[in-house]
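Read the structure below first, then the notes.
No lab work stands behind these numbers, since they all come straight from the coordinates. Every value quoted in this text rests on a predicted model; they were computed, and no experiment measured them. Quick reminder, even Gly has a Cβ in these numbers, built from the backbone with ideal geometry, and neighbours come from all protein chains shown.
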Amino acid sequence: MGATLACGGVNPMSGERVVPTEVARDVVAVMAACGVYDGSGRWMRSVGVPAKSSVSGAIVLSVADTLGAAVVSPPLDERGTSVRGRIASEILSVDLDLHVFGSRTRD
């Protein structure tokens, strides 16, 4: 679903429109604002990728026109987000320069 949202609501494998463009945009906006619960502000500052976490240990990420990804790994931190999933997401963001608010590439 992260990839479908990143493609504006079109499934990148089938080419089928799954949700309207406006819905995909709005879902990603909500993911950025509160998809990682109380940790959303910290998440957007450090990872910089709209995401939705789950108490299962799953995290779905979506970057417009770039990628959708998921990581799954319990245990959870005190905010209900996968500890290793957050670390993996931050590494992915840095390595692929995905931070939506600017480059996180280290010098």
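Annotations
- Amide hydrogen proximity for A58: with H placed 1.01 Å from N in the peptide plane, the residues at 5 or more positions away or on another chain lying under 5 Å are S73.
- The value given for the chain is a Kirkwood hydrodynamic radius of 13.7 Å, derived from the mean inverse Cα-Cα separation.
- Inter-label distance, nm, simple model (7 Å from Cα along the C-beta direction), D97/M13: 3.0 nm
- Charge dipole magnitude, Cβ of K and R +1, D and E -1 - the chain, Cα centre, debye nearest 20: 140 debye
- For the pair region 10-65 and region 68-92, the centres of their Cα atoms are 14 angstrom apart.
- Taking Cα atoms only, the orientation of helix 21-34 departs from the longest principal axis of the chain by about 10 degrees.
- The R42 and E22 beta-carbon pair, evaluated with R₀ = 22 Å, returns a calculated FRET efficiency of approximately 0.20.
- Degrees between helix 83-96 axis and first principal axis of the chain (Cα, 0 to 90, nearest 10): 60 degrees
- Fewest-first ranking of I91, I59, using other Cβ atoms within 10 Å as the exposure measure: I91, I59
- With R₀ fixed at 25 Å, the C-beta to C-beta distance from E78 to A58 puts the FRET efficiency at about 0.90.
- Ordered by the number of other Cβ atoms lying within 10 Å of each residue's own Cβ, fewest first, L61, L5, L98, L67 fall into the sequence L67, L98, L5, L61.
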